[in-house]
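Asker: One structure is given below, represented as structure tokens, and several questions about it will come after.
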Number of protein chains: 2
Amino acid sequence: MGKQTNPPVCEIECVHADKVDELRPVVSALGGVGEFVTNLADDTRFKVLYALSQSELCVCDVAAVVGVTSAAASYHLRLLYRTGLVDYRRDGRLVYYRLADEALRPVLEAIRTYLSR
Amino acid sequence: MGKQTNPPVCEIECVHADKVDELRPVVSALGGVGEFVTNLADDTRFKVLYALSQSELCVCDVAAVVGVTSAAASYHLRLLYRTGLVDYRRDGRLVYYRLADEALRPVLEAIRTYLSR
DNA sequence: CAAATACTCAAGCGTCTGCTTGAGTGTATG
DNA sequence: CATACACTCAAGCAGACGCTTGAGTATTTG
């Protein structure tokens, strides 16, 4: 028989190995993308970030703007805080969240621009 | 009884209703974000897109650059094709993928800039 | 100090999704 | 025409993830 039905698909670089060799380091340098991109990934989280890029907001307001429960908003805000994308300050009973890094703004704007293309 | 342990958390806009009323329509106008952001979301898919923004590549090359099997690369490329982010051309046995929309490039660049901040 | 409020936390659920696997398609080659 | 190759497809699985729920914390208020 010797019927190799399914070889490992393609083990070597098929076409220009030069291009591959050139791009591979660049792309793997993007390694840390993970946390950041993953956070942008989610619909709700992107909306939260975009809202915060427009104005500092408390959890309830974020929930109202985005259209989820406060618990859900809190869940996402905590996630974003843990990955350093947002920061907060406490004022009495209220907790106000804001973008942690101004560098985020152009990214959000670039995406919004693309979306309204 | 009568112990309301867990009311729906916060049913009304707690703070500035004006801000909320202002932002809500803007944010829900982002509604269609879904497909696009979700596609950017994934680590692998972002790398694929970034690689394609640098050069047209066949599936095997994408796989080699990004570091996944050809089947996995094909899976992501098909996904990206179905949402209109990439396009392809066939040349003999090889299938070359490329960005479908130049408007994507600034978005990818904005993210990369942020990442190398 | 007790009650109310704004939020956080941890556990759990249902769902989604990235990747594998094995088969199938289209193209080139001997 | 048979074989090899590059890629696609569909099914399936394991792990991840969004959101809910109910309890817990910090702060204000009567």
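All of the numbers you see were taken from the coordinates with simple rules; none came from a lab. Since this is a predicted model, take the numbers as computed values, not measurements. Ideal geometry is used to build each Cβ from the backbone, glycine not excepted, and the neighbour counts take in all protein chains shown.
Asker: Any idea how many residues of the range A:70-83 are among the polar types (S, T, N, Q) and closer than 18 Å to B:K19 by Cα?
Answerer: 1
Asker: Are any of the residues in the range B:98-109 within 11 Å of DNA strand D (Cβ to nearest atom) and buried (at least 18 other Cβ atoms within 10 Å of the Cβ)?
Answerer: The answer is no, given that none of the residues of the range B:98-109 is within 11 Å of DNA strand D (Cβ to nearest atom) and buried (at least 18 other Cβ atoms within 10 Å of the Cβ).
Asker: From A:L57, A:L94, which residue is within 13 Å of B:L23 (Cβ to Cβ) and at the interface with chain B (Cβ under 9 Å from one of its Cβ atoms)?
Answerer: Answer to the check: A:L57.
Asker: Failed condition for B:R82, given (1) among the charged types (D, E, K, R); (2) within 10 Å of DNA strand C (Cβ to nearest atom); (3) under 25 Å from A:K47 (Cβ atoms), with all others met?
Answerer: The single condition B:R82 does not satisfy is (2).
Asker: Here is a list: A:V66, A:V86. Which entry is within 10 Å of DNA strand D (Cβ to nearest atom), surrounded by 15 or more Cβ atoms within 10 Å (Cβ to Cβ) and closer than 18 Å to B:K19 by Cβ?
Answerer: After applying the criteria, what remains is A:V66.
Asker: I would also like to ask the following. Would you check if A:V62 is touching a Cys at 6+ places or on another chain (Cβ under 9 Å), under 20 Å from B:R24 (Cα atoms) and hydrophobic (A, V, I, L, M, F, W, C)?
Answerer: no
Asker: Do you know which residues across the range B:86-101 are touching a strand residue (DSSP E or B) at 6+ places or on another chain (Cβ under 7 Å) and either among the charged types (D, E, K, R) or under 27 Å from A:L115 (Cβ atoms) (or both)?
Answerer: B:V86, B:D87, B:Y88, B:R89, B:Y97, B:R98, B:L99, B:A100
Asker: Give me the pairs, please: first residue somewhere in the range A:70-82 and within 10 Å of chain B (Cβ to nearest Cβ), second residue anywhere and of a type in the set (A, V, I, L, M, F, W, C) and more than 10 Å from DNA strand D (Cβ to nearest atom), beta-carbon distance under 8 Å, and either six or more positions apart or on two chains.
Answerer: A:S70/A:V59; A:S70/A:C60; A:S70/B:C10; A:A73/A:V59; A:A73/A:C60; A:A73/A:V62; A:S74/A:V59
Asker: Identify, from the list B:L49, B:L23, the residue that is surrounded by 18 or more Cβ atoms within 10 Å (Cβ to Cβ), within 16 Å of DNA strand C (Cβ to nearest atom) and under 19 Å from A:R117 (Cα atoms).
Answerer: B:L49
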